[in-house]
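Asks: First, the structure itself, so that you have it in front of you.
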Amino acid sequence: MESKRKIIITIDGWSSCGKSTLAKQLAKELDYVYIDSGAMYRAITLYFLRNHIDWTKPKIVASTLQDIKLEFIYNPKSKQSEIHLNGENVEYLIRDLIIAEKVSEVAAIKAVREFAVAQQQKMGKNKGIVMDGRDIGTVVFPKASLKIFMVADNAIRVERRFKELYEKNPNITLNEVKNNLEMRDYIDSHRENSPLRKAEDAIELDNTHLGMKEQLEMAVGWAKERIGEKK
Ligand code: DC
């Protein structure tokens, strides 16, 4: 049987636009691998915080990165691949607001980006992958067949993130979440190294008024066109 043509699909956009929700569903639909690139920056931040690493010092960052091993391992219970930091599953720990408060700073460091991007590019070697992040369509896979750039109204994004974090921490306030999102958006889009921006050939998907089912149908349609299953 002729095997299906596999492509690379990138999903970039602002924090809490629903990138990972769409990316996971799309990967499942196409039987592709899903990679959450943000989880890598979060896991590196966790390592830096735990080990009291001064990430303003380039030499310290360079030597610390050598001690970090990141892997995505499939968990049959959650039915998704989860990030492991030096052998420890940190998928849930890295979602904490403590990490969210520092991750944009860490993700802006050139050496950190080079470290993560090299591994992301390796993961895409065999194609058949959906990766979400901020620079996936612009830097990691500039030649990807399908690039989606997600946007949504700020108020909706804050509400979505608040609901997600509130389940784990009922002490969290809407204002804390709003401030964190605004700060991350600012740092992610103004940093010198690979700032968040829409690739020229990306399709913009505004899901402010779209349900999950509708956005998935749209994305599957675009993917099938590129794979060649739909005229
Ligand atoms: O998608 P996320 O919220 O888990 O990402 C966490 C942070 O990592 C985000 O503030 C920006 C950074 N990031 C990045 O700079 N490049 C990526 N490809 C993915 C995430």
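Asks: Where nothing but the Cβ of Lys and Arg (+1) and of Asp and Glu (-1) is charged, how large is the charge dipole of the chain around its Cα centre, in debye to the nearest 20?
Replies: I would put it at about 600 debye.
Asks: Let me check against my output: what whole-number percent is the relative contact order of the stretch 51-96, with C-alpha pairs under 8 Å and at least 6 apart?
Replies: Relative CO of the stretch 51-96 lands at 23 percent.
Asks: If amide H atoms are built 1.01 Å from N in the plane of the peptide, which residues on other chains or at least 5 residues away come under 5 Å of the amide H of Glu82?
Replies: The list, which skips near neighbours in sequence, is Ile73, Tyr74, Asn75.
Asks: From the phi angles alone, apply the Karplus equation (6.51, -1.76, 1.60; θ = phi - 60°) to the stretch 131-147 and give each ³J(HN,Hα) in whole Hz, x where the residue is Gly or Pro.
Replies: In residue order, the calculated couplings are 10, 10, x, 10, 10, 6, x, 9, 10, 6, 10, x, 9, 4, 6, 10, 10 Hz.
Asks: Ok, one more. What shape does the stretch 1-121 have by the C-alpha gyration tensor, where a ≥ b ≥ c are the square roots of the eigenvalues, rounded means a/c under 1.5, and otherwise prolate means a/b greater than b/c and oblate the rest?
Replies: Cα axes put the stretch 1-121 in the prolate bin.
Asks: Now a separate question. Going by a ≥ b ≥ c, the root eigenvalues of the Cα gyration tensor, does the stretch 112-231 fall in the rounded group (a/c under 1.5), the prolate group (a/b larger than b/c) or the oblate group?
Replies: Oblate.
Asks: If you rank Lys77, Lys4 by fewest surrounding Cβ atoms within 10 Å, what's the result?
Replies: By the 10 Å Cβ count, ascending, the order reads Lys77, Lys4.
Asks: Let me ask you something else. Under 8 Å for C-alpha pairs, at least 6 residues apart: give me the relative contact order for the stretch 113-182, rounded to a whole percent.
Replies: Numbers: 20 pairs, mean separation 14.1, N = 70.
Over the stretch 113-182, the number comes to 20 percent.
Asks: Considering the chain as a Gaussian network with a 10 Å cut-off on Cα pairs, which listed residue, Arg191, Arg50, Arg160, attains the greatest mean-square fluctuation?
Replies: Arg50
Asks: Sticking with this structure for a sec: Helix 212-227 versus the longest principal axis of the chain: what angle, 0 to 90°, nearest 10, using Cα atoms?
Replies: 70 degrees
Asks: In debye, nearest 20, what is the charge dipole magnitude of the stretch 1-112 about its Cα centre with +1 on Lys and Arg Cβ and -1 on Asp and Glu Cβ, if you could check?
Replies: Once rounded to the nearest 20, the dipole reads 160 debye.
Asks: Against the longest principal axis of the chain, how steep is helix 19-30, in degrees 0 to 90 to the nearest 10, with axes from Cα atoms?
Replies: Helix 19-30 sits roughly 40 degrees off the main axis of the chain.
Asks: Could you work out the relative contact order of the stretch 65-217? I mean the mean sequence separation of Cα pairs under 8 Å and 6+ apart, divided by the number of residues, in percent.
Replies: 24 percent
Asks: Could you tell me which residue out of Leu93, Val103, Ser78 lies farthest along the dipole of the stretch 60-130 toward its positive end? Charges go on the beta carbon: Lys and Arg +1, Asp and Glu -1, centred on the Cα centre.
Replies: Positive-end residue among those listed: Ser78.
Asks: Angle, helix 37-50 long axis vs. longest principal axis of the chain, Cα atoms, 0 to 90°, nearest 10?
Replies: For 37-50 against the chain, the angle is about 10 degrees.
Asks: First check a/c for the stretch 53-183, with a ≥ b ≥ c the square roots of the eigenvalues of its C-alpha gyration tensor; if it is under 1.5, answer rounded, and if not, answer prolate when a/b is larger than b/c or oblate otherwise.
Replies: Verdict is rounded for the stretch 53-183.
Asks: Further, regarding this structure: Under 19 Å Cα to Cα from Lys122, which lysines show up? Leave out anything in the same chain fewer than 8 places away.
Replies: Straight-distance partners of Lys122: Lys6, Lys69, Lys110, Lys143, Lys147.
Asks: Fewest Cβ neighbours within 10 Å first, please rank Tyr186, Tyr41 accordingly.
Replies: Tyr186, Tyr41
Asks: Okay, next question. Show me the ranking of peptides 21-27, 174-180, 53-59 by mean Cβ neighbours inside 10 Å, starting with the highest.
Replies: 21-27, 174-180, 53-59
Asks: Using modelled backbone amide H atoms (1.01 Å from N, in-plane), which distant-in-sequence or interchain residues come within less than 5 Å of Ser145's amide H?
Replies: Ile8
Asks: Okay, next question. Among Val139, Gly18, Tyr32, whose Cα sits farthest toward the positive end of the charge dipole of the chain (+1 at Cβ of Lys/Arg, -1 at Cβ of Asp/Glu, about the Cα centre)?
Replies: Tyr32
Asks: Also, quick follow-up: What ranking do Asp67, Asp96 get, fewest neighbouring Cβ atoms within 10 angstrom at the top?
Replies: The most exposed by this proxy come first: Asp67, Asp96.
Asks: Taking the Cα centroid of the stretch 116-165 and of the stretch 1-72, what is the distance between the two, rounded to the nearest whole Å?
Replies: Using only Cα atoms, the two centres lie 9 Å from each other.
Asks: Further, regarding this structure: Out of Met218, Val177, Asn207, whose Cα points farthest toward the positive end of the dipole of the stretch 173-231 (charges: +1 Lys, Arg; -1 Asp, Glu; placed on Cβ)?
Replies: Met218
Every read-out reported here was derived from the displayed coordinates using simple, explicitly stated rules and does not represent laboratory data. For clarity, every value in this text was computed on a predicted model and none was experimentally measured. Note that each Cβ is placed from the backbone with ideal geometry, even for glycine, and that neighbours are counted across all protein chains shown.
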